[in-house]
Amino acid sequence: MSYTAKFLTTSLLFSLLFISTKAANFEIRSNCPYTVWAAASPGGGRRLERGQTWNLNVPAGTAMARIWGRTNCNFDGSGQGRCQTGDCTGGLECRGWGVPPNTLAEYALNQFGNLDFYDISLVDGFNIPIEFSPTSGGGSGKCQALLCTADINGQCPNELRAPGGCNNPCTVFKTNEFCCTNGQGSCGATHFSRFFKDRCPTSYSYPSG
């Protein structure tokens, strides 16, 4: 199974479900007019200029995985440094998850029924637009291209604004209303989550939806 994840001028693409028994290949492409430092867990990290790609092979059975873009990074010759958004472990090679706000492409391979699952999540907020889509094996018709290309940074509510991005309300308020800290189903949509959902309807906007 192959997937394409794109950092676009208005979006970054990742996510959905598919039947697969082999490792997956992710082609991560930047279409942004600025430098993006792509990150993946598992996978590490890579600097991408506009039009450049990074191919990532992921073993079958990989779960709780994510790909995202980092912006305004500054790394030294040994690969140590920081990013304004999406920073992870202070290095070019990520060994953990990124710091919000960051737009996420999430996936899990060979899960129930041997299906692959993928999505775009704004549960950690938004920093750059994403597109996430399968590039092969889509004959079942169940796998769709996912997009989050709205100008969320430009339209971000004042309470959620962050340097280089737009926070999810859970990051800011840290209450059950926005974070579902009391368990799945303990919170619902809010006016903040609807702000994200209205602009990126195929993306998750809060922990339960």
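Grab the DSSP H runs of the chain that are 4 residues or longer, score each as -39,500 (n - 2.57), total them, divide by all residues and round the 222 nm result to the nearest 500 deg cm²/dmol.
Helices in the chain give a 222 nm mean residue ellipticity of -2000 deg cm²/dmol.
Per the Kirkwood formula on distinct C-alpha pairs, the Rh of the chain is how many angstrom?
16.9
DSSP loop GluC sites (Glu not before Pro) in the range 101-209 with at most 12 other Cβ atoms within 10 Å of their Cβ, which ones?
Passing sites in the range 101-209 do not exist.
What is the range 77-161 by shape, rounded, prolate or oblate, if you read a ≥ b ≥ c off the alpha carbon gyration tensor as root eigenvalues and call it rounded for a/c under 1.5, prolate for a/b larger than b/c, and oblate otherwise?
oblate
Tell me the accessible surface of Thr202 in square angstrom (1.4 angstrom probe, heavy atoms of protein chains only), to the nearest ten.
It works out to around 70 Å².
Tell me the relative contact order for the chain as a rounded percent, counting alpha carbon contacts under 8 Å between residues six or more apart.
RCO, the chain: 23 percent.
Taking only protein heavy atoms and a 1.4 Å probe, what accessible area per residue, in Å², does the chain have with all protein chains in place?
44
Share of the range 103-188's accessible area from carbon and sulfur, percent, 1.4 Å?
51
For the range 94-189, which trypsin sites (Lys or Arg not before Pro) are both in a DSSP coil and crowded by at most 14 other Cβ atoms within 10 Å?
Passing both the DSSP loop test and the Cβ count: Arg95, Lys142, Lys174.
The values are calculated or read from the model by the stated rules, or taken from the named source; none is laboratory data. All figures in this text were calculated on a predicted structure; none of them were measured in a lab. Virtual Cβ from ideal backbone geometry, glycine too; neighbours counted across all protein chains shown. When the accessible area is computed, the model is the full protein with side chains, heavy atoms only, and any ligands, DNA or RNA have been set aside. Shrake-Rupley method; radii C 1.70, N 1.55, O 1.52, S 1.80 Å.
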